[in-house]
Each structure stands twice: as C-alpha cells, then as structure tokens.
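Nothing in this text is a laboratory measurement; each read-out follows from the coordinates by a stated rule. In this text, all values refer to a predicted model and were calculated from it rather than measured experimentally. Using ideal geometry, Cβ is built from the backbone for each residue, glycine included, and neighbour counts are taken over all protein chains shown.
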Amino acid sequence: MRRRANRGLTALCMAILLPAQLLAQTPPKSAASDTPNDAGASITVTWPRGEAVGGTTYLVYVAADESGPFHLAAEVEAPLAAVLADDPGNFGRGEEQDATHYVNVSDYALDDGRQSLENDQIYYVRVAVRTDGMELRGAITSAVPEANLINTAKLNNFVIGTALSLIILASISLARRKEMFIRRIAGLEAIDEALGRATEMGKAVMFVHGLREMDKISTIAAVNILGQVARKTAQYDTLLKVTSYDPVVMSVSQETVKEAYVEVGRPDAYNEDNIFVAGTDQFSYAAAVEGMMVRERPAAHIMMGYFYAESLLLAETGSMTGAIQIAGTDAFTQLPFFVTTCDYTLMGEELYAASAYLSREPRMLGSLKGQDIGKAFLIAAILFGSLLATAGWPFITHALAAH
Amino acid sequence: MTRDSMLFLGFIGIFVILNAILLVGGYLDMSWTSLGVITAAGLTVSLYSFLYRDNPLFKLAEHIFVGVAAAYIFGIYWYQSLYGEVVVRIFGIGDDPATMTQRLLLLVPSVLGLLILTRMSVKIGWLSRISFAFVVGVGAGFTIPRYISAFLLSQIEATIRPITMDVDGLNLLLILIGVVSVLVYFFFSVEHRGVVGGISKVGIWFLMISFGASFGYTIMARLSLLIGRIRFLLDDWLHVM
Amino acid sequence: MERLLNIDRRIIFAFVFVGVAVPLLIDFSFPIKPTEPVQRVYDEFERVASEDDPVVLLAFSYGASTVPEMQPMSLAILRHAFSRDIKVVAICLWPEAPGLAQAALDQVAGEYGKEYGTDYAFLGYKPGLWAPIINMGQDFHDAWPRDTQGTLVGDIPVTANIRNLNDFNLVFDFAAGDSIEFWWIPFGVEKYKFAFSGGCTAVMAPDLYPFLQSNQLRGMIGGLAGAAEYEKLVEIPGSATAGMRAQSIAHLIIVAFILIGNAAYFASRRRGAA
Amino acid sequence: MFLTRTLPTLLAFAFGAVAVLIYYIPHGVAQEIERELSLWLRILYAFAYFLGLYSILNLHWTRIQRRQGGWAYSGVAIASFLVMFLFVVYNDGAGPFAPQASAGGYQWMFTYIHVACSSTMFSMLAFYIASAAYRTFRARSSDAAILLVAAIILMVGRVPIGHAISDFFPEAVAWLMEVPNLAAKRGIILGVSLGAIATSLRIIFGIERSYLGGGDE
C-alpha cells in the first residue's frame, strides 16, 4: 500500500520535473549487470523511468554475440514495469531507485521455446520502447551472469544472528564463572511438594511428556526437569513413571533417569520399563495416559513439554483422580486449560526458566540471560523504531526489514 | 449383578436391537459400507461410554484403535516413503530415472536411518547418536536464520509503523504496548516490582485476553468435532436427520 | 447453591449432547456473514483464477481426529478451485492425511468432472515435518518424485513443469497442528516468498493473527465457522453451514454454564464473607 | 568416549554450521547442499518412525508376557495391529512391493475404525471443556475475569447467532482478535523464537547435548 502510494507520488514529481513525453519517445539508456544475491543464470537490466502512459511497452532483447541476433527476453507495459525500489533488499531505497525501471532476465525466446542464460558468459542487451507501433531501440550494453557467494539482502539477518550468537555464548561462558540472578518463579516449589506428598502416600509419580520431538526447546526443558524429578524420586524411593510420545524422547528419558538413579546411588531402583512410548498417535497416546491415570492413580502428574489438544483430556481426567497436577508448556493455545485445571502452571518461557532455575546449569542460566539481553534489544528496537517511524524517519524499520 | 454390569448389558442389547431395526427397515443393508457404519457407530458409542466412567468397552475400543492406528501409519510410511521412494530409487525398480550419483547419495540417509534403528539395541545403540547428531544439528542450523527472518525481523517490521492520529493509529499503539509489556513479563533478569511490575501486569492482561480468545476458539473447535460425530450417529447410522 | 456447584459432571455432558443433537434435527438457520480473514482467502483464489494457467498447491496437514472441522473446509476450497478451473496439486504433510485427502479429491473432482493428471494430481505423504517444505522450495520433483499411483511427477501434465514452490500461483495449507506457523512460514514463505494462505482448526486460529497483519499469511479460514463462511462466499452450502445451528446453540449453553457457575461461586463467596 | 560423545557433537556442529551458512550463500552449490540435506532429513524421519512402532509393540508385548493388569487389552491391541498389518501388506491384492492401493480392507479399516475412533476421542473434549467451563472457569481474580469476559464475547460473537443478537459481538470479536490478542501472540512469538534460536545455538556449539541422552558428562 505504502509502496504504491510512494510510487504514485514519485510519478507525480517526475511528471512535473521531467519532460516525460520526450523520455517515451527517445530510446531508453539502459544498463545491465549481474543480478545480485542469486544463484546465477540471470542478469538485471535497468533503464530510466518513463511516463506511465498506457500503450507504451518496454522490450528487452538479449544476444549472445554483440552483432546479434537479438532475441526478445522480456516485454513489459510501461505502467506495470517494476522500479528498483520495489526490491529494496537487492537494490536499496531512494530517489534514484524510484526513478529506474528494471527487469531480471534469466532466459530469452527462440523460435522453438526459450533459452536459459548461462553463468560466466557475456550477454548483450538492448532495451527498446514501443509507442503506437513505433519501436525505438537503445544502445547495446552487456553483462555476465554469475552465481553470487553472499546474499547481501540477508545482511541484517546475518548481523543479528552473529550478535545474538555472541551474546548468548558470552552469557553462557560468564555463567560458568559467576552466579547469575534469575527472578523467583512462583510455582516451582510445587514440584517438590508434589513429590513429597507422593512419597508420604506411597504412590507413584507420573511424568507425562508432550508430543514434540527431542530437538525442541520445550522437550529439552522437560527432560531437564525430569532429571531433577528423577533424582528426587530415587532419593525418596518413589516410583516414577514416564510416558512419552516420541521414541527418541523415550530413549533420552531412559538415559536421563538412569543417570539420575546412578548419581544418587540407586541404580538398582531404576527400571527401564517404567519409561515408555504410550502411543504413536496423539489420541491413542492421550487415551493410554488417561487410562493409566484412572487405573493406577498416581499421587502427582507432572506434564511437561509441548501439548496439543490432548492437554484438556489429560488435565481434566487427571484432576478427577485428585492428584496434584503441575503443568509446564510453551504451547500457548493449551495454557488456558492447564491454568484452569492444574495446581501450578509454568507458562511459556517460564518452563525454560524453571529448568534453568532448578538445574542451576550455567548453560541454561547463561542462555536465559542472553535471551533477556536479546529481548531488551527487541523492546528498544520496537520503541525507538516506532518513535522514529512516526516522526518520519523509518530507517530502523528499513534496517530490520526481512528480505 | 452390579448396576454397572446391568447398564453394560442393557447398552449392548439396545445396540443390537437398533441395528436389527435398521437392517429390517431397509435403512442399512448387508454391504461392506453398512457393516462399516455399524462398526464405526459401535466404536463411537463405546468410546463415549468413557464419559460415564472408564469401562471394558472403552478400553476395548481404545486398544483396537491403538493397534489399527500403528499399522495404518506403518502402511503410509512404507508405501509412500520407504518403499515408494527409498527402495525404488536405490534399486532402480521399474521406470526409475535416478542417476547413479543420486542412488549413491540416497544411501547416506538410508544408512543413517538404519543406524537410528540401532537404538532398539542396548549394545550398539550408541551408533544411533550419529544419526541424531545429523537430525538435530541440521534442524538447529536450518532454524536459526529462518526464525530470525520469519519471526524476529518480519514481526518487528510489522509492529514499528508510523502511528497516526486515528483509530488505526490507536490500535497500532495498543499493539505496541501489548507486545512490549508481554516481552517484559517474560523478562527473567529483574524481579517484577515497581515500574517493571506494573508493565508486566499490563502484559498479563494482554496475555489473559489472548488466553480467553484461545479458550473460546478451542471450545468452538471441540463442539465442531462433536457436531460431526453426532451428525454421523444421527444421519449415517440412525437415519433420523 | 452449593449443590448447584457440585453437580455431577455427567449432567453437564447430557446438556451438551442434547444442545448439539436437537438443533441438528430441527431445521432453522442464522444468516452467515464472512469475516475478513476468510474473505481474504476467497480473494486470493479469485486472484489466482484470473491468472494464466493457474495451479495451486494444497497441503493436507491434518489427521483423522479433526475430520469434522477440516474436511468441510477442504471440500469448500476444492469446490472453489475446480469451479474456477484452477488446477490442483495435493500433498500431505501429516501421516493420516492421505486417506482423507484422497476422499475429498475423489468427491469434488467427480462433482466437477475433473480429470486426474491434467486437472489435478495427488502426491501423497512425505515424513520430515518441515523438511519436505525446504526440499520443495529447492526442487519440487526431488521432494515428491512420484504420485501415490507410482507415476513420475514429470510424466503428469499438471506437475511436469513445476520446478519449485514459486511456480504455484498459491500455496494453501490445511492445518490441524502448527504446520502453518512453524513449518510453512519459517521454512517456506520466509525464503521462497510464494503466495501463502491457510485454513486451520479453530484452536490454531488465534495464534495466526500476527501473521495475517504482517501479510506472511494472506488469508485464513478458522475452524468450522470459517468453513461455513467460505461456503457462503462460494454459495455452496455444505455440512459446515448446517453445523452452525448446533454450534450457535451449544455456544449459548456453555456461556450459560459459565454464567451460572460464576453466579453460584460469587453468591457462595459473599455468604462466606458475611 | 570419542565415538559415543565427541564424534556426535562434532557432527552436530559441522552439519549445523553448514546448514546456517548456506542460508546466506545464494551460489548454486550451496543451494544444492540445502536441497540434499532436506532430502536426507525427511528420509531419516521415515526410519525414525520404526522406533516408535517398536516401542508401542514392545510395550504391549511385555505386558502380555508379564501378565500385567489389563494384559488382555494389550492382546487386543496387538491383534488389531496384526489384522490391519495383514491388510497393509496384502494391499488390495497388489502386495507390499507396489504403489499403495486406494481401496480395499485397509481403507475400510481406516475409514470405519481409525477415523471413527480418532475423531470421537477428539470430540469427547467438547464434554470435558463444558464441565471445565462450568466447574473451574471462575472469575477468581481480575486476571481470570479478563479471560472470562474475552472468552464469552468470543463464543457469542464468532457464531452466526452473535450476528443475530447484535452487531456488537462480531465487531468486538474482530477487535479483540486483531488488537490485544495479536499483540500478546506477537510478544509470545518473539520470546519463543529467541528461545528456539538460543537452543539451536547451544546444540550447534555442543553446549546442549540432551539429544544424545544423559546430561553433561
């Protein structure tokens, strides 16, 4: 919308400043170059913007030899012809970009089909303008298509990625040397309390994984919390059952629980069969876990990870059994149900913070700190960006554009 | 006999009688389709019996479903991926046009895939770590730049627009306040007291409205599913609609 | 009052059942007004219809569990596409989807006399969550070498000239999980910049509004209500439209439950305070 | 130790770093690598499915062997698996080494058992949601009150009856969704993606190794 308005404005200025009629009737002064930021086999042809009148057409001809023959590669009606400013990622923004038409040429017409351009070969280009059937051809220019090694349109992405990496890695290495502050997360004590109650009652604790795979942050946080839970159940000699949906998550959980039991000197109490995949389909998983909740009546359900629609089934059935329920998920669509059916709920990133808080692991703490710094930058960018954009200087908006 | 087992028998009796009426009345016939409808109706009602309480019928239906689902998905993976793509390509079955290079390259994920299966063994299970290193490493690598672009850059770009003195501008300002205050709520480096506490409180309000929206929408979704099942029972099975 | 709060949940269940079943049996209707996100999907398909030799990619990313919500949407979209002579390439990103997609395609292709191969193609399922999306963005034939019948995609007229995702006039995902938000947008739209719209379960709909505003998602149909609105736009009332009767009444019942429950709660709290 | 821990970590770093870098390189070779990696990834996922299948069959088989409570149901699960498996392999007469048939017993079982059970399980949530709404959805605090009001407006305004009652409802829904809901969801996405980026970094740099099983050695 804005872009169109801009272009309209520029066209208006041009109409006043330039003798547009003249432009339309003289052959366009074209230039050609390799198309930036691409895999090659394409050249970009530019020429000054003319008056956007109907009936005027630009024609781009390409030849492999300076003496021809020239083949038609592109044909655009003047009002529809793109200007460089339409692609700010590759060509930038500005008055000059607004006043220059361009077309990317990757092939040209032959009698029988189309011929693609090839890398590292010189091509000759001439742009013609056709008005009322009369065609005026401009001078010949040339360009060599190349495969590019770096995408400059992604520069802002690269800079932010590098900066974030450095901040997070630096925070982690800092966290290894000194204690880092994290605000208290209400509800974490509930896990200890629940394990304590299960021990008193001599009943099991059930740890329910979400549905996501092992490389997901929520699953990793869940496994970290599981490690803590397992250390406690090993010490208290309480039965721990772990249900998972993903086989990889199951294997990782088995090793995590085993290590926890070995760590507190109770390898004998570890039983691999208590950690299993309960279902390979979302609802067969939910049904199996529900069935176990109703049949085995654990004293506590700890549901951690990423959940989908099964959350309500699990939480509602779970609350019917009277068990203490603690949930943690970054699945925000499911949070309303956990919030209304569980004794404690860790919302979104609180799940990660809790896993860091519990484990006091420098990598988790440092990472959280790094993300906090990232968030501070985002907040600053949003506030200053809006302020400047409102004042008419949208350069932060432009610098943060995704191309 | 307990009350529950009487209910159970009564339920089965009614189900049999209903189907008999439907068959005699000509609403259902002895085709595979009609048999399917009766099976599906039986399973549907059996699963709904869980609403009364957990019972053998529910467990039966549940376990039938578990088995069928596992084998169904096996079929999909086998025909559409492992056989249909991997085996056919590597062994050049039929009209497969894959070049020798393509076949050799395909051996790499196939071997890595077989290594994943070593996780079933205690002895050589560690071999699967090589495959998981690949899956997790490539996944992480693909994620970083794409999340920066699709989520950080694009979403912030859409937030920082000129704020005008009209309704749209006011809405944009509210979005701005909401985004910032929610970010502050999920800021873990400072205790939520004073100004920060106030801002994070605003963040909670925004979160609660969005949770309310999600709650309402989810209720809508579940009711839609129930409508679908009840339509099946009333229309396809009982033919009363 | 206390008793009202502690009623057996099975009484609530019975209310819900009756509230859904009775409106289905009685014939009446409410006017349906399309909302903006649904209108935007319609406009997208109309745009596609006006282009040369239009072909869309429909990705079925839902399973058996959301059939009552998603199947009416699939049918409405397919009817719109086929009625406007838009060619359709269908894929599945969810392992349970092939049977459902096949049924929808068979039904609507039959209604409009569309021919397999020239008007539409069905390529089945590939595992890997978002990995097939990157694969398709780079090389479509590499990601889906054959259709479900074993025919090479290069030999099927509708897919023969598709090189990558950019060759589709529109990509549309039917999502029951987070395939729109966490698969298509970061791993597809972000890099390849194709036109993208989606339909999703009502559960996912609120999450997608930020992407509608940033135009990373050009239109959205949310749940059965969205499907009913789409049926209204294409003027072919289907099961979604019929379901809106029951949906409306059931919503009122649940709202009433919440109000009664809260009234009882506040009354007992006031008594407790006094 | 090298084979079980160091090698996988090095591989994760190498593959992760390559996957990041090729994003910024438009050169054809880089794009080919990206295509090949995505192809490998989706094929690996197909193999990984068998771990899940093995686990679920093993779970039920173990229950039967040990005569655990409800082991007969596990027998039902295995039996129904085997029946469906036979139909899968039979493939409507074509056998397992052919394209998948789109009809036959396999499709029948899918339509009348799988779809019926799966969507029924899902629809039971409508009942649980109703009871949760009645029994636990209370305006206990100002926060919960906000949630409650938003949910009620949503439920009335998003269905046709809302239009019939008053135009206020659909308009309020549109505003709620497009302004406060959008803002909160956007704040959430920003936080979530920062977290995902941080996790990915930790994996690539070998700081996060939980995917290998076990914590830090």
Which percent, nearest 5, of DSSP beta bridges in the protein assembly as shown are antiparallel? 45 percent
Taking a cut-off of 14 Å between Cα atoms, list the aspartates and glutamates near residue C:232, but don't count ones fewer than 8 places away on the same chain. C:36, C:43
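Just want the ordering: D:5, C:245, from fewest to most Cβ atoms lying within 10 Å of their own Cβ. Don't jump to the answer; show the numbers that get you there.
Working: D:5 16, C:245 23.
Fewest to most other Cβ atoms nearby, the residues stand as D:5, C:245.
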Please list, in order, the residues from segment B:197-241 whose amide nitrogen is less than 20 Å from a point placed 7 Å along the Cα→Cβ vector of residue B:21. B:230-241
Report the label-to-label distance for residue C:215 and residue B:114 in nanometres (one decimal), using points 7 Å from each Cα along the Cα→Cβ vector. 5.1 nm
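What does the charge count around residue C:216 come to, taking other residues whose C-beta lies under 11 Å from its C-beta (Lys +1, Arg +1, Asp -1, Glu -1)? Mind showing how you got there, number by number?
Working: positive: C:193, C:218; negative: B:157, C:181, C:190.
Within the 11 Å Cβ shell, the charges total -1.
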Angle check, please: helix A:2-17 long axis (alpha carbons) against the longest principal axis of chain A (alpha carbons), in degrees 0 to 90, nearest 10. 20 degrees
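Normalised by the number of residues in chain B, what is the relative contact order in percent for Cα pairs under 8 Å and 6+ residues apart? Spell out each step's value before the answer.
Numbers: 107 pairs, mean separation 27.7, N = 241.
Normalised by residue count, the contact order of chain B is 11 percent.
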If unit charges are put on Cβ atoms (+1 for Lys and Arg, -1 for Asp and Glu) and the dipole of the protein assembly as shown is taken about its Cα centre, the option from A:37, B:207, D:4 lying farthest towards the positive end turns out to be B:207
How far apart, in nm, are the 7 Å Cα→Cβ label points at residue A:320 and residue C:52? 6.2 nm
Of all chymotrypsin sites (Phe, Trp or Tyr not before Pro) in segment D:51-156, the ones in DSSP coil with at most 16 other Cβ atoms within 10 Å are D:97
Please get the size of the charge dipole for the protein assembly as shown, origin at its Cα centre, with Cβ charges of +1 on Lys and Arg and -1 on Asp and Glu, quoted in debye to the nearest 20. 3940 debye
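As a test of the formula, what do you get for chain A when each DSSP H run with n ≥ 4 contributes -39,500 (n - 2.57) and the sum is divided by the residue count, at 222 nm and rounded to the nearest 500 deg cm²/dmol? List each step's numbers first, then the result.
On the way: 14 runs with 181 residues, N = 403.
Only helices count here, giving -14000 deg cm²/dmol.
For C:119, A:343, C:53, what's the fewest-to-most ordering of other Cβ within 10 Å of each Cβ?
Values: C:119 19, A:343 16, C:53 9.
Listed from fewest to most nearby Cβ atoms, that is C:53, A:343, C:119.
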Would you be so kind as to identify which of A:326, C:13, A:105 lies farthest towards the positive end of the dipole of the protein assembly as shown, taking Lys and Arg as +1 and Asp and Glu as -1 on Cβ and the Cα centre as origin? A:326
Would you be so kind as to identify which of C:112, C:25, C:100 lies farthest towards the positive end of the dipole of chain C, taking Lys and Arg as +1 and Asp and Glu as -1 on Cβ and the Cα centre as origin? C:25
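Using a simple charge model, +1 on the beta-carbon of Lys and Arg, -1 on the beta-carbon of Asp and Glu, nothing else, what dipole does segment D:42-170 show about its Cα centre, in debye to the nearest 20? Don't skip to the end; give the middle numbers.
On the way: 8 positive and 3 negative charges, 105 e Å.
Value, rounded to 20: 500 debye.
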Report the Cα centroid-to-centroid distance between segment A:116-154 and segment B:73-97 in angstrom, as an integer. 44 Å
What is the list of residues in segment B:175-201 whose amide nitrogen lies under 19 Å from a point 7 angstrom out from the Cα of residue A:183, following Cα to Cβ? B:177-201
Sorted from fewest to most neighbouring beta carbons within 10 Å, what does the list C:179, C:268, B:210, B:34 look like? C:268, B:34, C:179, B:210
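Cα-Cα over 22 Å: which of A:375/C:191; A:203/A:241; A:258/B:59?
Values: A:375/C:191 24 Å; A:203/A:241 11 Å; A:258/B:59 31 Å.
From A:375/C:191; A:203/A:241; A:258/B:59, over 22 Å: A:375/C:191; A:258/B:59.
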Pop the C-beta distance of residue D:175 and residue A:387 into the FRET formula with R0 = 30 Å and round what comes out to the nearest 0.05. 0.75
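Which of the trypsin sites (Lys or Arg not before Pro) found in segment D:8-108 are loop residues per DSSP with 13 or fewer other Cβ atoms within 10 Å of their Cβ? Before the final figure, lay out the partial values.
Values: sites: D:35, D:42, D:63, D:66, D:67; in loops: D:66, D:67.
Answer in residue order: D:66, D:67.
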Most mobile of C:63, C:222, C:128 per a Gaussian network model of chain C (Cα springs, under 10 Å)? C:128
